[in-house]
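The values are calculated or read from the model by the stated rules, or taken from the named source; none is laboratory data. On a predicted model such as this, the values are computed, not experimentally measured, just so you know. Cβ: placed from backbone, ideal geometry, glycine included. Neighbour counts: every protein chain shown. For the accessible areas, the whole protein counts, side chains as well, though only heavy atoms, and no ligand, DNA or RNA atoms are used. Shrake-Rupley method; radii C 1.70, N 1.55, O 1.52, S 1.80 Å.
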Amino acid sequence: PRAGEKATKILDEMEQCSGVTPDRVSYSSVIDAWAKSEAEDAASMSEAVLNRMEELGSTKPSVVTYNCVLNALATSEDADSAPRAEAILNRMEGADIISFNTAIKAWTRSPSSDKAARARDIFDRMLESKFRPNPDLVTFNTVLNACAASNVNRVEAFQIAMDTFGILQRSEHLRPNEYTYGTLIKACATLLPQGHERVELVEQLYKGCCDNDCLSEPVVRILRSSLSEDDYVHILGGTY
């Protein structure tokens, strides 16, 4: 925390000193110091410095600077960090894939009841505009994670998860990985009621995981925690 405070103090002195004008590097360094700190207000302080840059106008933040603040918000415990991150994304010029993925990540950690829908909204913006970066595998997996982390609106979150997975399956350039399957299986356990439908879907995902050579110990652990002992043995056939 002290690094951020010291950097901010130096920046304050530079702004108040005649003949010394902080440049982009000066502001970005302070933002980086706060973003890397473990202070509870690290995200807020990073965002405050970004706002100072934008208000001045003469020191336009770079995409890297914006992404640094987005990451601070995405890892923050602040309840409103996700909408704040999305607001920054909305006013950025030249947002890159890291910008979009980090804003989606912020929603996965949000306590909001519509986190899955908000994450998917950002994803859809990437699909709908030729001026935005195409979703990569991290994008898909992060949206799926937002769905799996939902505790309310479970039907909607499950539908979003399966629709997003369907788009990934139809992609000509991307393919699911172990994280994709593990997150989807977790989503089934979180969002679907116990019963035949859930077990059947988990079994289909397990088979797809094997077919795509994505089965790993983490996936097996998720399977074990998502199924009853009998269903686990039935699906894996005693392999693990």
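List the helices (runs of 4 or more DSSP H) inside the stretch 1-59, counting only whole elements, that have at least 3 residues being charged (D, E, K, R) and within 27 Å of the chain's Cα centre (by Cα). Spell out how you get there, then give the answer.
On the way: elements: 2-16, 24-35, 42-56.
Because the criterion is at least 3 residues that are charged (D, E, K, R) and within 27 Å of the chain's Cα centre (by Cα), the helices (runs of 4 or more DSSP H) in the stretch 1-59 that meet it are 42-56.
When residues of the stretch 117-139 are filtered for being buried (at least 23 other Cβ atoms within 10 Å of the Cβ), among the hydrophobic types (A, V, I, L, M, F, W, C) and more than 19 Å from A87 (Cβ to Cβ), how many remain? Give the derivation first.
First, pick out the residues of the stretch 117-139 that are buried (at least 23 other Cβ atoms within 10 Å of the Cβ): 119-120, 122, 135, 139.
Within this subset, residues satisfying the condition of being among the hydrophobic types (A, V, I, L, M, F, W, C) are 119, 122.
Okay, now just the ones that are also more than 19 Å from A87 (Cβ to Cβ), so none.
Counting residues in the stretch 117-139 that are buried (at least 23 other Cβ atoms within 10 Å of the Cβ), among the hydrophobic types (A, V, I, L, M, F, W, C) and more than 19 Å from A87 (Cβ to Cβ) gives 0.
If you take the residues of the stretch 21-43 that are polar (S, T, N, Q) and over 12 Å from T8 (Cβ atoms), which of them is modelled with the lowest pLDDT? Can you show your working first?
Restricting attention to the stretch 21-43, the residues satisfying the condition of being polar (S, T, N, Q) are 21, 26, 28-29, 37.
From what is left, the residues that are over 12 Å from T8 (Cβ atoms) are 21, 28.
Numbers: T21: 76, S28: 87.
Restricting to residues being polar (S, T, N, Q) and over 12 Å from T8 (Cβ atoms), the top hit is T21.
So, restricting to helices (runs of 4 or more DSSP H) that lie completely within the stretch 86-151, which ones have at least 2 residues that are modelled with pLDDT of 95 or more and either at positive phi or among the charged types (D, E, K, R) (or both)? Talk me through it step by step, then tell me what you get.
Values: elements: 97-108, 115-128, 137-148.
Filter on the stretch 86-151 gives 115-128.
Could you please give the count of residues in the stretch 172-186 that are surrounded by 15 or more Cβ atoms within 10 Å (Cβ to Cβ) and either among the β-branched types (V, I, T) or not in a helix (DSSP H, G or I) (or both)?
We begin by selecting, within the stretch 172-186, every residue surrounded by 15 or more Cβ atoms within 10 Å (Cβ to Cβ); these are 174, 176-186.
Applying the additional criterion that residues be either among the β-branched types (V, I, T) or not in a helix (DSSP H, G or I) (or both) yields 174, 176-177, 180, 183, 185.
Count: 6.
Return yes or no: is V64 at pLDDT 85 or above, open to solvent by 50 Å² or more (accessible area, probe 1.4 Å) and over 25 Å from T108 (Cα atoms)? Spell out the reasoning first.
Values: at pLDDT 85 or above: yes; open to solvent by 50 Å² or more (accessible area, probe 1.4 Å): yes; over 25 Å from T108 (Cα atoms): no.
No: the conditions fail for V64.
What's the number of the only condition in (1) open to solvent by 50 Å² or more (accessible area, probe 1.4 Å); (2) modelled with pLDDT of 95 or more; (3) closer than 25 Å to D114 by Cα that E197 fails to meet?
Condition not satisfied by E197: (2).
Is it fair to say V69 is within 14 Å of the chain's Cα centre (by Cα), among the hydrophobic types (A, V, I, L, M, F, W, C) and in a helix (DSSP H, G or I)?
Details: within 14 Å of the chain's Cα centre (by Cα): yes; among the hydrophobic types (A, V, I, L, M, F, W, C): yes; in a helix (DSSP H, G or I): yes.
Yes.
If you go through the stretch 67-75 one residue at a time, do you hit one that is open to solvent by 40 Å² or more (accessible area, probe 1.4 Å) and more than 17 Å from I122 (Cα to Cα)? Before the answer, list the steps.
Residues of the stretch 67-75 open to solvent by 40 Å² or more (accessible area, probe 1.4 Å): 71, 75.
Next, from what is left, pick out any that are more than 17 Å from I122 (Cα to Cα): 75.
Within the stretch 67-75, one or more residues are open to solvent by 40 Å² or more (accessible area, probe 1.4 Å) and more than 17 Å from I122 (Cα to Cα).
Can you give me the number of residues within the stretch 4-33 that are of a type in the set (A, V, I, L, M, F, W, C), open to solvent by less than 90 Å² (accessible area, probe 1.4 Å) and closer than 13 Å to V49 by Cβ? Quick ask: steps written out before the conclusion?
First, the residues of the stretch 4-33 that are of a type in the set (A, V, I, L, M, F, W, C): 7, 10-11, 14, 17, 20, 25, 30-31, 33.
Filter once more, so that each one left must be open to solvent by less than 90 Å² (accessible area, probe 1.4 Å): 7, 11, 14, 17, 20, 30-31, 33.
Of the ones still in play, those that are also closer than 13 Å to V49 by Cβ are 7, 11, 14, 30-31, 33.
Number satisfying all stated conditions: 6.
Restricting to the stretch 105-124, name every residue that is of a type outside the set (S, T, N, Q) and touching an Asp or Glu at 6+ places or on another chain (Cβ under 9 Å).
Of everything in the stretch 105-124, those that are of a type outside the set (S, T, N, Q) and touching an Asp or Glu at 6+ places or on another chain (Cβ under 9 Å) turn out to be A106, W107, R109, D114, A116, A117, R118, R120, D121, I122.
Give me the residue from the stretch 76-85 that is in a helix (DSSP H, G or I) and open to solvent by 20 Å² or more (accessible area, probe 1.4 Å) and, out of that set, farthest from A149 (Cα to Cα).
Applying the filter and picking the extreme gives R84.
Filter the stretch 129-179 for residues that are more than 14 Å from the chain's Cα centre (by Cα) and among the hydroxyl-bearing types (S, T, Y); which is nearest to Y206 (Cα to Cα)? Even if it seems obvious, please write down each step before you answer.
Step one: of the stretch 129-179, the residues more than 14 Å from the chain's Cα centre (by Cα) are 129-134, 151-178.
Now narrow it down to the ones that are among the hydroxyl-bearing types (S, T, Y): 129, 164, 171.
Details: S129: 34, T164: 18, S171: 20 Å.
Within the stretch 129-179, the match that is nearest to Y206 (Cα to Cα) is T164.
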